[in-house]
RNA sequence: GCGAAAGUGGCGGAAUUGGUAGACGCGCAGGAUUUAGGAUCCUGUGGCUUCAUGCCGUGGGGGUUCGAGUCCCCCCUUUCGCACCA
């Protein structure tokens with residue numbers, strides 16, 4: 001690095017110096033019992049990273065820097081800010097990487113963590129290294145397991161069968177991301193679906209609360225909306241369709257079984273066997289002309305007619321053989337086969353055929369639908385393809401009862417072909433028909449959620465073992481809390497093999513254990529838990545890392561939680577945040593926490609792209625942060641990242657763009673040091689009265705930055721400071737210390753090292769973050785004394801006139817009229833009205849002659 | 001296909017929420033300084049033309065208003081989610 005003649009600012013020197021000083025002073029974190037006694041707390045949380053072997057990428061740094069800037073800002077306003085960071089190091093990601101590199105994850109992770117720690121220190125974040133977590137540390141996952149046990153004891157962790165992707169060649173379970181267009185990523189064999197027993201958390205029990213609580217949270221709207229849609233509440237009804245025996249169907253041929261449905265009730269006497277469907281449109285039940293079961297539906301065999309058994313079995317086999325990913329990606333063309341069976345439409349009293357088709361999903365609703373082709377697009381397509389009847393039961397504007405349908409009509413209108421409900425508006429018919437069916441025992445209203453229970457089992461190695469012991473006599477038994485953690489044994493061969501279960505199932509000396517309840521020989525659960533469980537509670541652990549015997553200390557929880565501000569990526573807006581909320585709620589209900597929402601405020605940062613494209617290794621457009629920091633320093637890099645776009649939207653990384661903040665910081669350094677040098681001889685403020693224009697600009701800048709910072713308006717805050725610096729330096733003038741001290745404080749969150757150095761040169765001892773107060777602005781000092789008024793005629797700018805601030809309309813008009821150009825436009829025109837916006841604009845509305 | 005967000009100079013982006021569009025920065029051009037390069041410092045920089053505070057201009061088209069980047073309607077494009085949710 002060459003000297004650059006700008007006051008001798010040498011970032012690498014300044015940054016090394018202050019990173020050392022922070023450690024000596026313990027400025028960044030809380031030591032001893034400081035956390036226990038903090039009064040004016042602010043918990044600034046950022047999503048902890050997965051410590052990859054590649055090291056920090058720009059996205060990480062962007063996320064952490066924004067959070068750090070926000071945290072440092074709050075610190076300067078007098079809060080005691082806790083800003084911890086840790087490592088989310090379990091999971092398939094590191095496991096796969098370890099497999100590929102032939103390194104054991106237990107060796108890989110510590111070196112990755114060490115590398116991340118070094119890089120994180122280098123970017124100058126105010127991280128509290130005395131309160132860090134690593135999810136792979138047994139002292140941490142001991143409590144992850146403890147949480148599992150609390151939920152298990154409360155009946156919120158249950159075991160049930162669920163489908164998984166299965167590679168018949170590797171004989172192993174695959175994660176969704178290991179299935180590449182229907183084939184195993186390793187051996188290219190088509191992937192199948194299999195059902196195995198897995199552990200689930202019953203998050204659906206909390207659906208209503210997870211939804212309702214959203215209202216009161218200070219989260220960005222998009223995130224709330226994403227959660228809202230994911231939970232996917234829909235109001236509708238469960239309707240019961242009695243299954244008909246072949247005899248009943250014969251009797252009803254021609255097909256009017258019960259003429260007046262009102263008389264029928266539950267009458268058909270079908271020995272209680274029935275098909276339940278969920279629908280959000282009970283009003284359209286009269287238009288249900290057939291029924292569809294999902295291929296996995298348990299009743300498929302029962303309703304299948306002998307003649308159709310073979311075709312149905314074949315169809316089911318090909319539908320269920322598809323792996324999960326492919327099944328969800330089927331093209332729009334509908335396939336299906338009739339079962340030959342019939343059931344009774346409880347509204348019309350007519351028999352309708354039962355089909356099997358894979359466009360109906362077992363996972364949603366009841367796995368069966370009443371098909372209303374007239375008013376549902378998917379049903380319409382299917383009915384057309386299969387030649388099934390389409391009946392109109394809703395008439396839109398201009399439609400009659402018999403207007404033919406060329407596509408499904410899902411809009412509002414009047415009921416038709418619906419018996420006694422004809423003529424009723426859809427909105428009224430919905431509750432009316434649902435109530436009518438309920439009265440007759442054919443249904444009930446029901447709220448349905450799209451949200452599924454949370455599957456936490458992983459047939460993998462690199463995760464915390466699920467703390468359960470399977471005993472033949474007692475069933476699944478929780479590991480006694482005193483025996484936690486269940487330590488993940490070091491297994492050299494952790495590759496999934498053809499056993500089809502977790503690699504832990506090969507470690508007999510590990511899984512063999514006596515039942516803690518009856519003492520009989522038993523077996524440990526060999527699945528590990530989902531990484532999302534690790535990350536669902538880490539923020540609870542941070543303040544309590546000094547406590548070995550409890551997951552979190554009650555007093556610290558009261559003092560520090562819920563989190564004041566959480567910042568992280570949009571990719572976690574749904575799952576992670578939902579799981580963390582669920583775990584917090586469950587722990588609250590079980591008496592472990594006093595609050596039931598973990599994050600008071602959440603903001604998602606945007607994404608950094610480069611030259612208009614996503615950064616990726618394959619495109620070769622990845623920025624290596626270390627190189628930028630080496631060349632420009634961490635302060636410049638931080639400032640540039642915060643400057644290049646609105647934080648919540650991200651921005652485009654342009655290599656040359658860093659020159660702006662680079663030059664800016666150098667000029668700040670030069671301006672401040674020369675202000676100090678100039679002031680030194682006389683030891684006063686550099687002499688002379690304060691420049692009123694500079695003072696006004698300063699107060700305006702403080703106001704602007706103070707308002708922007710809490711809203712993460714970093715790019716505009718930096719722009720405002722640049723403007724101020726330009727004003728201070730205009731015409732080569734030298735600033736006085738009092739003109740720049742506030743600037744140094746305001747820039748400190750962005751360029752903390754440089755700010756420290758300048759703070760010291762301004763004659764202060766210790767850290768700026770401990771000694772400085774965020775500058776206050778005086779509203780009266782922000783006011784302009786004279787203003788430039790825009791003068792318009794009919795909304796078009798014709799002049800600008802200068803006058804004293806706050807002048808009245810008469811004065812403004814007089815000034816404007818004296819302008820030649822304005823006079824020209826007003827001459828000979830009839831003045832209709834005058835709009836006056838004080839200090840801004842004067843608009844003459846005229847009628848041209 | 002559905003859902004969400006967004007379209008402003010050569011580029012990244014501002015705009016007190018209906019009041020002078022283009023702040024701040026990059027880039028570019030001219031100049032100063034320098035042995036040279038780099039760095040630094042001034043000055044200029046939406047387009048057009050008849051060089052005037054003249055006309056046009058915030059994806060396109062309509063509308064409301066004294067006044068629209070901002071509000072309303074229609075259309076187009078891009079990005080990101082979700083993929084048949086009954």
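The values are calculated or read from the model by the stated rules, or taken from the named source; none is laboratory data. This structure is a prediction, so every number in the text was calculated from the model and none was measured. Virtual Cβ from ideal backbone geometry, glycine too; neighbours counted across all protein chains shown.
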Exercise for the section: Could you please give the count of residues in the range A:579-614 that are within 16 Å of RNA strand B (Cβ to nearest atom) and under 25 Å from residue A:71 (Cβ atoms)? Expected result: 8
Handout entry: Residues that are within 21 Å of residue A:339 (Cβ to Cβ), surrounded by fewer than 12 Cβ atoms within 10 Å (Cβ to Cβ) and modelled with pLDDT under 50, drawn from the range A:242-268
Key = none
Exercise for the section: Could you pull out every one of the helices (runs of 4 or more DSSP H) wholly within the range A:1-80 that has 2 or more residues that are within 21 Å of residue A:562 (Cα to Cα)? Expected result: A:34-37, A:58-76
Handout entry: From A:364, A:461, residue being surrounded by fewer than 21 Cβ atoms within 10 Å (Cβ to Cβ), touching a residue at least 12 places away in the same chain (Cβ under 8 Å) and assigned to a loop (DSSP other than H, G, I, E, B)
Key = A:364
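Conditions tested, residue by residue: (1) away from RNA strand B (no atom under 14 Å from the Cβ); (2) exposed (fewer than 14 other Cβ atoms within 10 Å of the Cβ).
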{"position": "A:762", "(1), (2)": "yes, no"}
{"position": "A:773", "(1), (2)": "yes, yes"}
{"position": "A:822", "(1), (2)": "no, no"}
{"position": "A:845", "(1), (2)": "no, no"}
Exercise for the section: Kindly provide the set of residues from the range A:558-574 that are assigned to a helix (DSSP H, G or I), buried (at least 16 other Cβ atoms within 10 Å of the Cβ) and either more than 9 Å from RNA strand B (Cβ to nearest atom) or without any contact (Cβ under 8 Å) to a residue 60 or more places away in the chain (or both), ordered by number. Expected result: A:559, A:560, A:572
Problem - Residue in the range A:595-604 that is closer than 29 Å to residue A:9 by Cβ, touching a strand residue (DSSP E or B) at 6+ places or on another chain (Cβ under 9 Å) and buried (at least 20 other Cβ atoms within 10 Å of the Cβ) present - result: no
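Residues checked against (1) within 11 Å of RNA strand B (Cβ to nearest atom); (2) closer than 20 Å to residue A:348 by Cβ; (3) in a loop (DSSP other than H, G, I, E, B); (4) free of Cβ contacts under 8 Å to residues at least 60 places away in the same chain:
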residue: A:369; (1), (2), (3), (4): yes, yes, no, no
residue: A:375; (1), (2), (3), (4): yes, yes, yes, no
residue: A:380; (1), (2), (3), (4): yes, yes, no, yes
residue: A:384; (1), (2), (3), (4): no, no, no, yes
residue: A:400; (1), (2), (3), (4): no, yes, yes, yes
residue: A:403; (1), (2), (3), (4): no, yes, yes, yes
residue: A:407; (1), (2), (3), (4): no, no, yes, yes
Completion exercise
All conditions in (1) touching a residue at least 60 places away in the same chain (Cβ under 8 Å); (2) more than 12 Å from RNA strand B (Cβ to nearest atom); (3) surrounded by 14 or more Cβ atoms within 10 Å (Cβ to Cβ) are true of residue A:555 except (3)
Problem - Cβ pairs under 9 Å, 6+ apart, first in the range A:615-636 and on the phi > 0 side of the Ramachandran plot, second modelled with pLDDT of 85 or more and part of a helix (DSSP H, G or I) - result: A:633/A:11; A:633/A:12; A:633/A:14; A:633/A:15; A:633/A:662; A:633/A:665; A:633/A:753; A:633/A:754
Handout entry: Of the criteria (1) surrounded by 22 or more Cβ atoms within 10 Å (Cβ to Cβ); (2) near RNA strand B (Cβ under 8 Å from one of its atoms); (3) more than 30 Å from residue A:763 (Cα to Cα), which one residue A:649 fails
Key = (1)
Practice task
Looking for whichever is over 30 Å from residue A:776 (Cβ atoms) and either in contact with a strand residue (DSSP E or B) (Cβ under 7 Å, 6 or more places away or on another chain) or surrounded by 16 or more Cβ atoms within 10 Å (Cβ to Cβ) (or both) here; the options are A:73, A:97, A:30. Which one fits?
Solution key: A:97
Handout entry: Some residue of the range A:827-836 being crowded, with 17+ Cβ neighbours inside 10 Å, within 54 Å of the chain's Cα centre (by Cα) and near RNA strand B (Cβ under 6 Å from one of its atoms)
Key = no
